[in-house]
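In what follows, a structure is listed as structure tokens, so that the remarks can point back to it.
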Amino acid sequence: MADVKNGSFTRLIEAHGLSSGLKALTTTRASSGVEVCRLSCGGHGYSLASNLPTIFADLVSGATAEGEATVLFLQTARYLIKNCISAQSNKRIDAYMSYLRPDSTIRSAKFDGNHDPRSLLRAFEFRAASLAVKAASRLQALVGRLSQEDAWNESTVLLVKAAVAHTEYVIMRAFVEKVENEICGRDVRKALETLCVVFGTYNIIENSADLLQDGYLAGVDVDDLNDHLLGLYDAIRTNAVAYVDAFDIDDRILNSCLGRYDGNVYQSLYDWALKSKLNESQVHDSFHKYMKPLQSISKL
């Protein structure tokens, strides 16, 4: 904003590239996250009493409205390719793209076996760099025999994958830097650092195929990361409610019998059921109208 006030708009391209990927990733992950929550709650999660179906309906539109996710990822990919070309010509590239510099050592790095946030961040950086270079190489190879537009269309699968990897790297980097530099209080910092490690480890395991393919991880590393993640789940379980309460979302906003601050779930479900029109009387009117007359009919 300071640059804009001074009449400089050079970083708007960077802002557009980052915001496009962040919007696409956060909306798609939020939608899938709500579905995980619904499944975790069993039949109650499917019920409107949980409000999860309504929350899902509200959130899932975000992956399409105001910019469809794939289209936005391709906007981020276009920004990545421009920086790849600049890096190849030793021109200036944006700060979050430093892994593309010719003097960057990240593409020859290996996993060091540590589980601290910085070590995990390097895995994110390696994957982002590898996929960006692969996407740029494929695109440049196709341009030699196809039009620019056709070459781009033939490369979109890999371009989207590179954009997702870059966006995940940006999120992890921001998480690590925030925990290291801006969180006050030893206990709060420890709790958030543990959550950061969970986030990083989980995403590395989810994307381990890319890291294995390019030699950053070995099979034994994936086994080690899986074991470590299972141990971390025990560590964060005691703070799980506190993590969620930290968002300070009011009960009136959640409007859920399950996600209640007082934890009085079953009484709330009972009270919700009593308000249903189906339960206004002990016997529903449909019985008297349709079923009871059948009882008076003599058997053949």
Cα long-axis angle, helix 265-274 against the chain (0 to 90 degrees, to the nearest 10): 50 degrees
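Can you check what the net charge comes to around Lys134, using other residues whose Cβ is under 12 Å from the Cβ of Lys134 (Lys, Arg +1; Asp, Glu -1)?
+2
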Label-to-label distance, nm, for residues given as Lys289 and Lys82 (7 Å Cα→Cβ offset): 6.3 nm
Leading residue at positive end of dipole, the chain (Cβ point charges), from Leu131, Ala65, Val222: Ala65
On Cα atoms only, tilt of 117-143 relative to the major axis of the chain in degrees: 70 degrees
Dipole of the chain [Lys/Arg +1, Asp/Glu -1 at C-beta], most positive-end residue of Ala165, Leu18, Ile85: Ile85
Degrees between helix 156-181 axis and first principal axis of the chain (Cα, 0 to 90, nearest 10): 90 degrees
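If you count, for each residue, the other Cβ atoms within 10 Å and average over each peptide, how do 251-258, 233-240 line up from highest to lowest?
Values: 251-258: 15.0, 233-240: 11.8.
Sorting 251-258, 233-240 by mean packing, highest first, produces 251-258, 233-240.
What is the sum of charges, Lys and Arg at +1 and Asp and Glu at -1, for the other residues whose Cβ falls under 11 Å from the Cβ of Gln213?
On the way: positive: Arg127, Lys134; negative: Asp210, Asp214.
Around Gln213, the surrounding residues sum to 0.
Given a Förster distance of 45 angstrom, what is the FRET efficiency for Asp227 paired with Arg260, based on the Cβ-Cβ distance and rounded to 0.05?
On the way: r = 35 Å, r/R0 = 0.78.
Computed FRET efficiency for Asp227 and Arg260: 0.80.
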Cα-centred dipole magnitude for the chain, charges only on beta-carbon of K, R (+1) and D, E (-1), debye, nearest 20: 640 debye
The chain - accessible surface per residue (Å², probe 1.4 Å): 62 Å²
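With N residues in the range 34-134, what two-decimal value do you get for its Cα radius of gyration over 2.2 N^0.38 Å? List each step's numbers first, then the result.
Details: Rg = 20.0 Å, N = 101, 2.2 N^0.38 = 12.7 Å.
Cα Rg divided by the expected 2.2 N^0.38 Å: 1.57.
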Ellipticity estimate at 222 nm from DSSP helix runs (n ≥ 4, -39,500 (n - 2.57)) divided over the chain, nearest 500: -21000 deg cm²/dmol
25 Å Cα-Cα reach of Lys277 towards lysines, excluding residues that sit fewer than 8 places from it in its own chain: Lys289, Lys292
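Take every Cα-Cα pair in the chain and report what % of them are more than 38 Å apart.
Working: 13626 of 44850 pairs.
Value for the chain (Cα pairs over 38 Å): 30 percent.
Run the numbers on the chain and let me know its relative contact order in percent, using alpha-carbon pairs under 8 Å that are six or more apart.
Numbers: 254 pairs, mean separation 51.6, N = 300.
Relative contact order, the chain: 17 percent.
Looking at the square roots a ≥ b ≥ c of the eigenvalues of the Cα gyration tensor of the range 182-300, which shape do they give, rounded for a/c under 1.5, prolate if a/b is larger than b/c, or oblate? Display every interim value, and only then the final one.
Values: a/c = 4.83, a/b = 2.12, b/c = 2.28.
Because a/c hits 1.5 or more and a/b fails to exceed b/c, the range 182-300 counts as oblate.
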Lysines with Cα under 30 Å of Lys23, excluding same-chain neighbours fewer than 8 positions away: Lys5, Lys82, Lys91, Lys134, Lys161, Lys178, Lys190
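If you take every residue apart from Gly263 with its C-beta less than 12 Å away from the C-beta of Gly263, what net charge results, scoring Lys and Arg +1 and Asp and Glu -1?
Net charge around Gly263: -2.
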Estimated distance in nm for a label pair at Gln282 and Glu182, the labels positioned 7 Å out from Cα along Cα-to-Cβ: 6.2 nm
Ser137 paired with Leu48, simple spin-label distance in nm, labels 7 Å along Cα-to-beta-carbon: 5.5 nm
For the range 134-238, average projected area of the Cα convex hull in nm²: 8.6 nm²
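The values are calculated or read from the model by the stated rules, or taken from the named source; none is laboratory data. Computed from a prediction, not measured in an experiment: that's the story for all the values here. Every residue, glycine among them, receives a Cβ derived from its backbone with ideal geometry; neighbour counts consider all protein chains shown. Side chains are part of the model used for accessible areas, which takes the heavy atoms of the whole protein and leaves out ligands, DNA and RNA. Shrake-Rupley method; radii C 1.70, N 1.55, O 1.52, S 1.80 Å.
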